[in-house]
1. Please state the equivalent ellipsoid semi-axes for region A:26-94: what are the square roots of 5 times the Cα gyration tensor eigenvalues, largest first, in whole Å?
2. Given only helices, namely DSSP H runs of n ≥ 4 each adding -39500 (n - 2.57), what is the per-residue ellipticity at 222 nm of the protein assembly as shown, to the nearest 500 deg cm²/dmol?
3. Under 10 Å, Cα contacts only: if you run a Gaussian network model on chain A, which one of A:L129, A:L106, A:L60 comes out with the highest mean-square fluctuation?
4. Using a 7 Å offset from the Cα along the Cα-to-Cβ direction at both B:S144 and B:R53, what is the distance between the two label points in nm, to one decimal?
5. Looking at B:I28, B:T55, B:I41, which one has the Cα that reaches farthest to the positive end of the dipole of region B:16-60 (charges on Cβ: Lys, Arg +1; Asp, Glu -1)?
6. How long are the semi-axes of the equivalent ellipsoid of chain B, taking √(5λ) for every eigenvalue λ of the Cα gyration tensor, in whole Å from largest down?
7. Among the lysines, which have Cα under 24 Å from the Cα of A:K138 when same-chain residues fewer than 8 positions away are ignored?
8. Within 10 Å of each Cβ of B:63-75, how many other protein chain Cβ atoms are there on average?
There are 2 protein chains.
Amino acid sequence: MCIHCDYKELLVSVGLDPTRNRLRVLEIIGNNSFPLSASDIHDTLDRSRPINRVTVYRILDLLVEKGIVDRISTGGRAAYYGLAPNERHQAHPHFYCTSCGQMDCLSPQALNVEFSRFASTFPGRIDKLEMRLDGICKNCLKKSH
Amino acid sequence: MCIHCDYKELLVSVGLDPTRNRLRVLEIIGNNSFPLSASDIHDTLDRSRPINRVTVYRILDLLVEKGIVDRISTGGRAAYYGLAPNERHQAHPHFYCTSCGQMDCLSPQALNVEFSRFASTFPGRIDKLEMRLDGICKNCLKKSH
DNA sequence: CGACACATGCAATACAGTTGCATATAAAGA
DNA sequence: TCTTTATATGCAACTGTATTGCATGTGTCG
């Protein structure tokens, strides 16, 4: 998603020590073009250098809490994680393939949503808008003829 | 959501025997103005007449599979369930309070989304669009001053 | 060097949902 | 009515995902 970001600085900017594991988790999320599950992240990191899965969960919680990573729900059981929107990366909807579990990012313009008028009359506080399309991706369509 | 629906007939129309438990599950979902979790549904039903939670899960799976109930994800761990859109009930976004877990239905016009142009160029199959706002509801805002 | 804060690991636990198999119930036919 | 058959339900055990408690490791400041 963002080979231009300085992840070390990003961590520091939200008040987190840039430990090796935090950097590793943030890099794998940031360098990927689609969101990953916690176990995707753990498995990948664990192969190159052992890391406990609890550590991964705790780091993900931290990054989400600090607002630099987004937790994206899937309709399946596991949450997925991607870089949070910022100046360089607009918020965007996702497509989730209910057959293979792959989640893809869609263009920010794909759904052309307009909700500022609604937000201005809503009595609660709105932190986040999540839009997700569910269906079958083209690869899985092909497999089933 | 729909005190006008004949739930018995709705079950039959999708090819399901209208057993007592299926009716009870569908009624509690249909008569509620906001989506409920599986355990909400089980707890409520169990109070009036004992029912196994596995039975509730299986009935929910059936109703979702047949397309008369929608499984709505929350950002939390548990799925919520509401009547699926039909002629009488338009699809609509939801608001999820991350503090108390209450999920509310929003007006179908709230987000004013337009995606038919996108859908017509998408190479996969799209089954469902889910839109969810996360935040703090007005009651929880009040509690925390 | 010593003390402290905090990052990480490990084991146990919690939570939501699923599976296998036994039993109950209801519809269909003799 | 009785028997057969299909399927709905219950119960116990299990799975995958995430969380908690506590012990240990690591890095920083005096």
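1. Taking √(5λ) for each Cα gyration eigenvalue gives 20, 13, 12 Å.
2. Numbers: 12 runs with 104 residues, N = 290.
After summing the helix terms and dividing by residue count, I get -10000 deg cm²/dmol.
3. A:L129
4. My value for the distance between the label points is 2.8 nm.
5. The residue sitting most towards the positive pole is B:T55.
6. 26, 23, 14
7. B:K66, B:K128
8. Average per residue, whole number: 2.
Since every read-out is calculated from the coordinates, none of them should be taken as a lab result. Note that the structure is a prediction, hence the values are computed from the model and not measured. We place every Cβ from the backbone using ideal geometry, glycine too, and count neighbours over all the protein chains shown.
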